[in-house]
Amino acid sequence: MLLTLKIQLTLSAEQQAIIDAMSNDGRMMYNHFLGKLKEHYETNKSLISYYTQQKELKDYKCDYLTFDVKKEILRTLHNNYSSFFKLIKKNKDLNPKPPKFRGKDYFFTLSFTQDFIIKENILKISYSNYRKLEIKLDYIQPIKDLICLRNK
């Protein structure tokens, strides 16, 4: 069973700037690989595989994203594209549109699978070059004696 807890973060100006920069890097990376996918699809009428684009991730440089977060962004893009192709196969009458580029004011949601830890009410998020963003959480533990099965 998965348990989620929605909390409101109180961020300082510096922390907000880092979160915005991370979101912007994610948006730029999404748009970059989406452009490559669209270009390849228009010329070859086929989709570049996720693993082919994942090999290009090493060469894609950005300031605030770790490799795991980059993989999650790429996975999101490919899920969006495969959803588009499934809609085309099922219902051509709906006239589905391919995924769109994200604009400059778009806040890109990032998925952290391994690069964070919550310890003593402090959320620690790792970002590139082994830097950490530490955010104090203001909440009471919702379930007493909750045991996390994973350390990260």
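The values are calculated or read from the model by the stated rules, or taken from the named source; none is laboratory data. Everything quoted here is computed from the prediction, not taken from an experiment. Every residue, glycine among them, receives a Cβ derived from its backbone with ideal geometry; neighbour counts consider all protein chains shown. SASA here: full protein model, heavy atoms, side chains in, ligands and nucleic acids out. Shrake-Rupley method; radii C 1.70, N 1.55, O 1.52, S 1.80 Å.
Quick notes on this one:
- Set LYS58/LYS97; LYS38/LYS136; LYS97/LYS132; LYS86/LYS136; LYS36/LYS90; LYS55/LYS89 screened for pairs whose C-alpha atoms are more than 32 Å apart: LYS38/LYS136; LYS97/LYS132; LYS86/LYS136
- Hydrodynamic estimate: the Kirkwood radius of the chain over Cα pairs, inserted into Stokes-Einstein at 20 °C and 1.002 mPa s, corresponds to D of 120 µm²/s.
- Sparsely packed trypsin sites (Lys or Arg not before Pro) within region 1-59, loop by DSSP, other Cβ within 10 Å at most 15: LYS6, LYS45, LYS58
- Relative to the dominant Cα principal axis of the chain, helix 13-44 is inclined by about 20°.
- Restricting region 35-136 to chymotrypsin sites (Phe, Trp or Tyr not before Pro) that sit in a DSSP loop and have at most 12 other Cβ atoms within 10 Å of their own Cβ leaves PHE101, PHE107, TYR130.
- Placing dummy labels 7 Å off each Cα toward the beta-carbon, the span from LYS89 to TYR51 is 1.9 nm.
- Rounded percent of accessible protein surface that carbon and sulfur make up, region 1-52, 1.4 Å probe: 55 percent
- Hull volume in cubic angstrom per residue (convex hull over the Cα atoms of region 8-70): 101 Å³
- Among the trypsin sites (Lys or Arg not before Pro) in region 65-114, those located in a DSSP loop and surrounded by at most 14 other Cβ atoms within 10 Å of their own Cβ are LYS100, LYS104.
- Principal-axis tilt of helix 67-90 within the chain, Cα atoms, nearest 10 degrees: 40 degrees
- Working note: 222 nm ellipticity from helices only, DSSP H runs with n ≥ 4, each -39,500 (n - 2.57), summed and divided by the residues of the chain, gives -14500 deg cm²/dmol to the nearest 500.
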